[in-house]
Structure formats: C-alpha cells, structure tokens
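A short worksheet on the structure shown next.
Each reported figure results from applying straightforward, stated rules to the coordinates on display, with no laboratory input. Just so you know, these numbers come straight off a predicted model, no measurement behind them. Here the Cβ positions follow ideal geometry from the backbone for every residue, glycine too, while neighbour counts run over all protein chains shown.
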Amino acid sequence: MERTDGNSYARGFVTGALIGGLAGAVVALLFAPKSGRELRRDIAERTSELYDRAQEALNPKQLGEELPPVAINQGKLRAQAIVDAARQHAEQLLSSAEQVLRDARTKATHAKEQIQENIERVREAAKASVEAFKSELSSEE
C-alpha cells in the first residue's frame, strides 16, 4: 500500500516536472528568433524528446527500482520539513511586519496630535496678535 502511494506521489511529481519543462521549452522556442518552419520543427523535436523521457520516467518498473519506499518517505519528510520551516519563517516575518505597523501607527498618531497642538498654538498666537493690533489701533485714535 505504501509503495503504491509513494509511486503515485513520485509519478505525479515527475509528470508535473515534465509538463512544466515542456511548457518552458515551448515558451522559449516561441520567443526565439526563428522562422515558422524552424520553430515548428524544434517544437516537434522537443515534444518528442520530452515524451520519450516521460515514458521512461513513468515506467513503473524503473520508478520502483530508482525510488524505493524508504527514499520516497524520506523525500516526503524532507519536503514537509522545508514547508514547515518556510511557514514558520513566514509567520515570523508577518509578526514582525505587524509590530512595525503598530509602531508606525502609534508614531503617526502621536505626530498628528503634536501637529494639532501646534496648529492650535499658532491660531491662539494669531488671535492674540490680531487683538493686540486692534487694541493698539484703537488706543492711537
């Protein structure tokens, strides 16, 4: 049972890798500066090569020989460890980013309050200046 799951997993991985390789090869060929005839010939050759490789890689007999269940399980464990480490690192980065955001909000709020206080002081000073100017004008008359 375990061997079938491992083969299925490995087979799916190999299939995905080959499909990705084929897609990459086709894109690379499409962007290469070649004539249409050369491009079609290159695509056909690459497709044929990749198809042959896929047939070889997906051969159950070879797959079982190349990847014993122990190796497949070790690969799964390594992959899971990498995913877990990446997830933990991402969570730490997110936590740090949230703390930076909280600090920035606090500083922005404090700065806003200081600016509002300064604006109020300038208003009061301007009112006092206007009052002093008016009173000086009325005392001269």
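Just a few scattered comments:
- Highest average packing first - 106-115, 10-19, Cβ atoms within 10 Å: 10-19, 106-115
- Cα-only Debye scattering, the stretch 82-141: base-10 log of I(q)/I(0) at q = 0.16, 0.21, 0.22, 0.27 Å⁻¹: -0.71, -0.84, -0.87, -0.98
- Inter-label distance for V83 and S139, nm, one decimal - labels placed 7 Å from Cα along Cα-to-Cβ: 8.4
- Highest average packing first - 75-86, 45-56, Cβ atoms within 10 Å: 45-56, 75-86
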